[in-house]
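Scroll down for the structure; my scribbles are underneath it.
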Amino acid sequence: MQIHADLHVHTTYSSDSLITPEDLVHYSKKRGLNAVAVTDHNKLEGAYKIAKETDFLIIPGMEVSSSDGHIVALNIKEPIPRGFSAVETVARIHAAGGVAIACHPFVFFKGCLRDRVCATFDAIEVINARAFPFKKSVNKAEETAQHLKLSRVAGTDAHYGPQIGYGFTVIDAEDATIEAVCRAIVAGRCQPFGQAVPPRLNFELTLARLLRMVTKKPPHLI
Ligand SMILES: [Zn+2]
Ligand SMILES: [Zn+2]
């Protein structure tokens with residue numbers, strides 16, 4: 001079956017995101033997705049908590065800050081410590097039963113891996129819908145994926161509900177389970193799609209963050 005999943009979304013369990021568990025499911029459905037990966041910064045517990053509370057297919061994961069740049073780990077059963085090299089982090093993700101994705105490898109302003117992307121990764125995030133500069137980073141990631149023969153995926157790196165789904169991966173999975181989705185990604189039965197998040201939505205995120213700082217309350221989105 002075809003799974004349409006945004007494989008890179010942060011929730012309020014990442015302190016820099018405004019996406020509540022309710023927003024996550026609401027906007028994922030609204031964008032026509034049937035799965036979403038929760039990839040909070042260096043935290044795993046939120047993903048599992050959210051998965052328990054909904055019937056929507058949540059792929060638990062986290063975004064690990066390796067010493068070489070950010071790495072998305074999907075379907076890990078335990079958190080992966082930050083601060084290790086990319087090679088060591090990928091090995092730890094595999095030991096924890098997970099899938100290692102080189103996320104936004106060629107962007108400005110984020111911890112990106114650049115030439116530290118290597119063949120032991122399972123996949124490369126060819127499209128990160130909030131990447132800057134967008135086209136250039138997609139082209140470079142595409143070249144690297146071909147060169148290293150890695151699976152190609154996409155995600156938004158959403159931190160604000162309406163941003164969800166601008167980057168998504170179509171996955172040809174045997175069934176709608178976390179295991180089947182991850183197996184398909186590793187086997188390369190997946191295709192990245194997407195476009196850059198409109199600047200308006202990034203501006204709204206900045207405004208909403210400011211509002212949250214002032215009122216100390218998350219703004220109501222739904
Ligand atoms: Zn990142
Ligand atoms: Zn991220």
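The values are calculated or read from the model by the stated rules, or taken from the named source; none is laboratory data. Keep in mind it's a predicted model, so treat the numbers as computed, not measured. All Cβ positions, even for glycine, are placed from backbone atoms using ideal geometry, and neighbour counts span all protein chains on display. Only protein heavy atoms, including side chains, enter the accessible area calculation; ligands, DNA and RNA are left aside. Shrake-Rupley method; radii C 1.70, N 1.55, O 1.52, S 1.80 Å.
For this structure, a couple of remarks:
- Beta bridges by DSSP in the chain, antiparallel share as percent, to the nearest 5: 50
- Measuring nothing but protein heavy atoms, the accessible surface of region 1-160 at 1.4 Å probe radius is 53 percent carbon and sulfur.
- For the chain, calculated [θ]222 nm from helices alone, where every DSSP H run of n ≥ 4 adds -39500 (n - 2.57): -10000 deg cm²/dmol
- Kirkwood Rh and Cα Rg combined as Rg/Rh, the chain: 0.94
- Length-normalised contact order of the chain in % [C-alpha pairs under 8 Å, at least 6 apart]: 21
- Region 47-166: antiparallel DSSP beta bridges as a percent of all, rounded to 5: 60
- Other residues lying with their Cβ under 12 Å from the Cβ of G188 contribute a combined charge of +2, Lys and Arg counting +1, Asp and Glu -1.
- Solvent exposure of the chain amounts to 46 Å² per residue of accessible area, where only protein heavy atoms count and the probe is 1.4 Å.
- Computed lengthening from L211 to K110, 0.36 nm per intervening residue step minus Cα-Cα distance: 34.0 nm
- Here the extension length gained between S67 and K135 equals 21.9 nm, from 0.36 nm per residue of separation less the Cα-Cα distance.
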